[in-house]
Amino acid sequence: MGPLQYLFLCGLLYTPSDGSRLRQEDSPPRIIEHPSDLIVSKGEPATLNCKAEGRPTPTVEWYKDGERVETDRENPRSHRMLLPSGSLFFLRIVHGRRSKPDDGNYVCIARNYLGEAVSRNASLEVACKFDIPLSSSGRNGSFRCPSCIVEEW
């Protein structure tokens, strides 16, 4: 076996199931920017950041409370967009009495053929606004609270 044949065989030591060839510079995904907890007002835009590196460039998916998040890539009418960086952008936060589709705990998962990386959890809470008397003069002001939990005093 000559030197050229040996080099050729070394290049074929590993072939992933998708048909691509393992290159020496390929690397598994790694999260380099994790999402942070957010408190956002209903109807406002918001972004949960996530950036990953790896070679080949990993694909990023988001999960909310363990369920895959549908974005504009699967449903053009979705109010959630997966940005090229991997971040999840909400055109507007949706929150109602019966439906709270955006409120929850999120993670992003980056994948390529060498593996996957999972971000830290980030919570998205929806703040609500209501008027309460700030003084005995009867003037009202705004007060924001996470998750719209209001108790009577």
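Strands (runs of 3 or more DSSP E) wholly in the range 1-74 with at least 3 residues that are over 28 Å from Ala127 (Cα atoms) and at pLDDT 95 or above - which ones?
Answer list for the range 1-74: 27-33, 51-55.
Identify all residues within the range 92-117 that are surrounded by 14 or more Cβ atoms within 10 Å (Cβ to Cβ) and over 18 Å from Ser36 (Cβ atoms); write none if there are none.
Arg92, Val94, His95, Lys100, Pro101, Arg111, Asn112, Tyr113, Leu114, Glu116
Here is a list: Arg68, Arg77, Arg73. Which entry is out of contact with any strand residue (DSSP E or B) (no Cβ under 8 Å at 6 or more places or on another chain), more than 24 Å from Cys128 (Cβ to Cβ) and either of a type in the set (Ser, Thr, Tyr) or loosely packed, with under 13 Cβ neighbours inside 10 Å (or both)?
Going through Arg68, Arg77, Arg73 in turn, just one is out of contact with any strand residue (DSSP E or B) (no Cβ under 8 Å at 6 or more places or on another chain), more than 24 Å from Cys128 (Cβ to Cβ) and either of a type in the set (Ser, Thr, Tyr) or loosely packed, with under 13 Cβ neighbours inside 10 Å (or both): Arg77.
The values are calculated or read from the model by the stated rules, or taken from the named source; none is laboratory data. Since the structure is predicted, the reported quantities are computational estimates derived from the model, not experimental observations. Methodologically, a virtual Cβ is constructed for each residue, glycine included, from the backbone with ideal geometry; neighbour enumeration extends over all protein chains shown.
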